[in-house]
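This report refers to the structure that appears directly beneath it.
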Amino acid sequence: MFESIEPEAFQAKTDNGELGDALMLDVREPYEWEYYHWEQAQLMPMNSIPGRLAELPMDRTIYIVCAHGVRSANVCYYLKQNGFDDVINVEGGMAALAALRGFQYD
């Protein structure tokens, strides 16, 4: 299984500079990214991940976010199956994170 983090806790870590060298991976589609995203994130749409595993760091924490937390949970599961130990799903996805910043995502 993989870890999850509540959106409030993730925002606090981000705002306080506590992510360190962790990667924030956004697995939404480019049109969703263009609508709203966090600057700290790296876009890698879910369907592209199997062909891009070599681009992901196995020695760093990876926080995974999507629109509402479903695709990111699937990506966390997939990465765990492929030898990534430190993957964390951001619960509620960008919709929850956007709401914390006062943006109506959907």
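The values are calculated or read from the model by the stated rules, or taken from the named source; none is laboratory data. The shown structure was predicted, so the numbers you read here are calculated from the model rather than taken from an experiment. Glycine also receives a Cβ, built like all others from the backbone with ideal geometry; neighbour counts cover every protein chain displayed. All accessible areas refer to the heavy atoms of the entire protein, side chains included, with ligands and DNA or RNA removed. Shrake-Rupley method; radii C 1.70, N 1.55, O 1.52, S 1.80 Å.
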Q. Could you count how many residues in the range 1-29 are within 20 Å of residue 103 (Cβ to Cβ) and either of a type in the set (Gly, Ala, Ser) or part of a helix (DSSP H, G or I) (or both)?
A. 9
Q) Going through the range 1-47 one residue at a time, which ones are among the basic types (Lys, Arg) and open to solvent by less than 40 Å² (accessible area, probe 1.4 Å)? A) 28
(Q) Where the second residue is crowded, with 21+ Cβ neighbours inside 10 Å and outside any strand (DSSP E or B) and the first is in contact (Cβ under 8 Å) with a residue 60 or more places away in the chain and of a type in the set (A, V, I, L, M) and lies in the range 59-80, which pairs have Cβ atoms under 8 Å and are six or more apart or on separate chains? (A) none
Q) Name the pairs: first residue in the range 95-106 and under 13 Å from residue 65 (Cβ atoms), second residue open to solvent by less than 30 Å² (accessible area, probe 1.4 Å) and modelled with pLDDT under 85, Cβ to Cβ under 7 Å, at least 6 apart or on different chains? A) 95/105; 98/105
Q: Could you look through the range 13-40, keep only residues that are modelled with pLDDT of 95 or more and aliphatic (A, V, I, L, M), and pick out the one that is farthest from the chain's Cα centre (by Cα)?
A: 22
